[in-house]
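The values are calculated or read from the model by the stated rules, or taken from the named source; none is laboratory data. Computed from a predicted model, the values in this text were never measured in an experiment. When we count neighbours, we look across all protein chains shown, and the Cβ atoms used for this are built from the backbone with ideal geometry, even at glycine. With ligands, DNA and RNA removed, areas are computed over all heavy atoms of the protein, side chains included. Shrake-Rupley method; radii C 1.70, N 1.55, O 1.52, S 1.80 Å.
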Amino acid sequence: MTSLLAQLTDRGDSVGPIIALLAGGGMLLLTIVGIWASLGKLLGIGWVAFAAMGGGTWMGIQSERRSAGATKGQSRRLIWAYGLSSGAMITSTTLFLVPTAMSHQASLGGLGIAIGIVLGFAIHAMHVSTEQPAGSVLPVVWELSLHSFGAGLVIGAVYAAMPALGPTLGVAIVSHKAPAGYAAARRLVRQGHSAWVLMVPASAVCIAALIVGIVDPPAADGLHALVFGCATGLFLHVAIDFLPRCGWEGEIHTVPASESADRRDASGERVRGARWKAIGSTLLGGGLVVAAWALL
């Protein structure tokens, strides 16, 4: 499966549109079934998630193409994209998902969180080796896809078990989609890969939520605790993975060890400035989620 995904991300525009067509076709088919089953809330959240990540992906592609030769501007935009995305994800999971998982059954909810974090680490460890550069595309596509699918399962399970629940949880989960799509698209395009593969995580929320909503599994507090916990742990790992790392070995402002002392000192000043931007963007991403929560 890993080699298949590697081939898909490496073949560029020849295979990317096929992936987009398959993902979009599956989403449209399930949308028709969802309309017939009167799953309006799930359809709304799923399509908002799709539009948010799709819009972020388009902006990321355009931005990367425009700033391909401007290293300084590119680094600044990457810092803000990664910071906003990770800040929103961390805040939304701790503000919404952790209390929900623990409210169903505290022990299983905590276990689910641990499983989700370890699962995220396993995905990252399997796809990154010492030969691969920082910011490899394989973990990005895999983790975003699993993250989106897990979010869809959570939304579908909640709405199937509690039909009267409002859109608060859905808003919390998808609030990071646009900056995540933007950051992932820029990384993919920058490394010469097709951003079409992001159609998979973009449509996964809707697909997974509709499948669970259509099946309508029986309510079980223990199962809901595990589902919420796993989603929370996976979200947290993805969020941490997207935190902007502005240092000597990070994807942003990397400085080779062979650089002279003077040049490393000058680069160090830029790195310190970039770190302040990273902190500010992460705080802003979290603040936006808090503001949305306060207005609901």
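Listed values, structure above:
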quantity: Most to least packed among 48-54, 76-82 [average Cβ atoms within 10 Å]; calculated: 76-82, 48-54
quantity: Under 5 Å, built H, 5+ apart or other chain: amide partners of S194; calculated: G12
quantity: Heavy atoms of L284 accessible to a 1.4 Å probe, total area in Å² rounded to 10; calculated: 80
quantity: FRET efficiency estimate (nearest 0.05) - Cβ-Cβ, A114 to A51, R0 41 angstrom; calculated: 0.80
quantity: Solvent-accessible surface (1.4 angstrom probe) belonging to M59, in square angstrom, nearest 10; calculated: 90
quantity: Inter-site label distance for I240 and F121 at 7 Å from Cα along Cβ, in nm; calculated: 0.7
quantity: Probe 1.4 Å, all protein chains present, accessible-area order of I61, I32, largest first; calculated: I32, I61
